[in-house]
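Trainee: Please read through the structure below; I'll follow up with questions.
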Amino acid sequence: MQNVFEILQERGFIEQMTHEEEIRALLGTDKVTFYIGFDPTAPSLTVGHFLQIMAMAHMQRAGHRPIALIGGGTVMVGDPTGKTDMRRIMPVEEIDRNAQAFKKQMSRFIDFSDGKALMLNNADWLRNLNYVEFLREIGVHFSINRMLAAECYKSRLERGLTFLEFNYMIMQAYDFYRLHQDYGCVMQFGGNDQWANIIAGVELIRKITGEPAYGMTFTLLTTSDGRKMGKTEAGAVWLDPALTTPYDFYQYWRNVEDSNVERLLGLLTFLPMEEVRRLGALEGSRINDAKEVLAYEITKNVHGEAAALEAQKAARALFGGGEESESIPTTEIPAAELANGIDLISLLTRLGLAPTRSEGRRLIIQGGIYLQKEQVKEIDYIVTADDFDDQGYLLVRKGKKVYHRVKLNG
C-alpha cells in the first residue's frame, strides 16, 4: 500500500514539516493519531477548511486516526495570524453554536464511527484552567524573545498586539500536549500560516515528555498572484448550502484560473493523479472540460451527487442559452413591491450579487449587469414588472457567468 506521505506529497498538500525522514517513515510503518484544529469563528466551514479536511480524509483512508479539534477555547482568545487588528470578542453562546455547526458539517467527510476518528473541543480543558498553575507548568517553557520573532506576532508589533492574543500560541501548544498525553496524538497538521504555532506544540511535548512529536503544514489555496482563494464579491465561499448555494459553489470552481485547475484537482478531489494530470494538460477551450470536472467533483464531495448534477445542469443550460433551468438560484419578490418599482442597486444587494450599494453602483457603471439579456448602465435604473417575462421571471446576470432569477410572487 502506498505511503500516505507520498500521496499527500504527490497531490500537492505538503508545504513544511518538522522532521521529514522521521515523518515519512512513521506514516509508512505505524498507524498514527494526528490532529487538525478548527476555530469556530463563523457558523460554517469554508473552502479553506475543506483542503485540510481532504488531507484528513486521505490520512484516514490510509488507516491513521484523525482528531478534529474544535477550538471552543482558543477562539475565545483569537489567533492573531494574518490579522492586522484583534479579532472580535465572540460571546460564548455564539462560539458554542458555531462549534455544533462545525461538528455536523465535518461528519459528512470523516468517519467518526467505532473510534476511527475523534471529534473533541478544547473548551473542555481550556475554559477551566487554573491560570497560575498553567503559567508554572506550561508558560515556563516559552521564550518571549522567540515568540516575538514568529511572523504571526512580529507583523503585529507596530500596530499593537494585545496580551490576550499573545497567549494564543501557548494555548495551541497546550492543546497538542493534552492530546498527546490523553490520546497518544503525535502529529499536528494545519495550514501553512500555522507553522509557528505548530512548532511551539512540537517543542513543548519534546521538552516536557522527552517523547517525539511532529508537525506538518499544508499549502494554502491561492490564486496565481498569491491571493487567498475562497472569497467572492459577495463574501466567503461556505460549505453550508444555506450560505453558499450548491449552484454558486459549483460556479466558483467552474470559473477558476486555467493555471490553477490541475493543482486544485489534486488537492480537492479524489481523482487518480493520472486523470488529474491528463485534465490539467488540456489546452485552449478544452480546459473548460477540466474545469467542469473540477466543479462537479468538489460540489459532489461537499453537497452530494444530486446537488452536483443539478448545479452542472443549471450551468450547462445557461452557457447553452437555456436560462429557464430551475436550478438557477431564485429569489421570490411579492408583486406588490414592484408596484412603484425597486431601484436596481437595491435589487443587486438583496440578491447577494453586490455586497454593498457602492459595489452595486460600480458593477453597473462598468457594464457588468444585465437584465434578461440587455446590459444596464443607468445607476438609477428602476426595475418594474415590465422587466419580467410572461412567466413572471427576471434573469439578472453579473459579468459573464453569475446568474440569479427573480420571480414575481402574487
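All of the numbers you see were taken from the coordinates with simple rules; none came from a lab. What you are looking at is a predicted structure, and each value in this text was computed from that prediction instead of being measured. As a convention, Cβ positions derive from the backbone with ideal geometry for all residues, glycine included, and neighbour counts pool all protein chains shown.
Trainee: Where does the chain land at 222 nm, in deg cm²/dmol rounded to the nearest 500, when only DSSP H runs of n ≥ 4 count, each adding -39500 (n - 2.57), divided by all residues?
Mentor: -12500 deg cm²/dmol
Trainee: Would you mind checking Lys300/Lys373; Lys116/Lys313; Lys291/Lys398; Lys103/Lys401; Lys377/Lys407 for any pair whose Cα atoms are more than 28 angstrom apart?
Mentor: Flagged as over cut-off: Lys300/Lys373; Lys116/Lys313; Lys103/Lys401.
Trainee: Please figure out what share of the DSSP beta bridges in the chain is antiparallel and state it in percent, rounded to the nearest 5.
Mentor: Around 45 percent of the beta bridges assigned by DSSP in the chain are antiparallel ones.
Trainee: Assuming R0 = 45 Å, what is the FRET efficiency of Asn167 and Arg357, from their Cβ-Cβ distance, to the nearest 0.05?
Mentor: Calculated transfer efficiency: 0.70.
Trainee: Search the structure for amide H atoms under 5 Å from the amide H of Glu15, placed 1.01 Å from N in the peptide plane, and list their residues when 5 or more places away or on another chain.
Mentor: Thr217, Phe218, Thr219
Trainee: From the convex hull of the Cα coordinates of the chain, what is the mean projected area in square nanometres?
Mentor: Computed as one quarter of the Cα hull surface, the answer is 23.1 nm².
Trainee: Turning to a different aspect of this structure: Mind listing the long-range amide H neighbours of Thr330? Cut-off is under 5 Å, sequence gap 5 or more, other chains count too, H placed in the peptide plane at 1.01 Å from N.
Mentor: Here Arg405 satisfy the definition.
Trainee: Cross-link candidates for Lys228: which aspartates and glutamates have Cα within less than 20 Å, leaving aside residues fewer than 8 places away along the same chain?
Mentor: Lys228 reaches Glu15, Asp39, Asp79, Asp85, Glu151, Asp193, Asp240, Asp248, Glu257, Asp258, Glu262.
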